[in-house]
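Single-structure report; data block below.
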Amino acid sequence: MNPARAAFADTFYWIAIFNDRDSRHKDAIAFSQANTDTIIITTDEVLTEFLAYFSGDLEARIGAAEVIRDILEDATVRVVEQSRESFLKGLELYEARPDKGFSLTDCISMNTMRAEGITDILTNDVHFAQEGFRALFRA
């Protein structure tokens with residue numbers, strides 16, 4: 001991509017950053033502070049999943065929407081827009097892995113990572129490791 005390191009941010013990461021009660025909050029903050037030169041790539045679908053996670057709690061819902069606005073304006077984060085093409089390619093991978101528990105968002109994320117040449121993902125999700133990516137928050 002370029003000389004800077006790139007990592008893909010899964011929903012796990014955004015939840016851990018935002019929710020100070022999350023068991024991985026301190027780890028996510030530590031990663032963020034130690035890797036200021038890392039370009040973060042994510043997708044509209046991941047951000048949608050993040051918002052859905054907090055949708056049932058009014059206070060968290062308002063804060064989550066603010067976080068999304070901040071992410072969208074952050075020069076160190078690139079959000080890949082959703083499209084019919086990304087949806088259909090994600091659906092193809094989803095259908096191709098009936099033996100896996102991949103969500104459609106996971107499949108779209110995996111396709112985006114491949115297209116961007118990214119191997120590191122800010123998640124603890126074993127599904128990404130099953131596809132050959134390096135989940136940075138495993139264990």
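Going by a ≥ b ≥ c, the root eigenvalues of the Cα gyration tensor, does the chain fall in the rounded group (a/c under 1.5), the prolate group (a/b larger than b/c) or the oblate group? The shape class here is rounded.
Across the range 14-22, computed HN-Hα scalar couplings (Karplus, 6.51 cos²θ - 1.76 cosθ + 1.60, θ = phi - 60°) run 5, 5, 5, 5, 6, 9, 5, 9, 5 Hz from first to last residue, x flagging Gly and Pro.
Is the shape of the range 1-52 best called rounded, prolate or oblate, per the rule: a/c under 1.5 gives rounded, else a/b larger than b/c gives prolate, else oblate, with a ≥ b ≥ c the square roots of the Cα gyration tensor eigenvalues? Working shown, then result.
On the way: a/c = 3.60, a/b = 1.23, b/c = 2.92.
It is oblate, given that a/c is not under 1.5 and a/b is not larger than b/c.
We did not get these values from a lab; they are worked out from the coordinates using the rules stated. For clarity, every value in this text was computed on a predicted model and none was experimentally measured.
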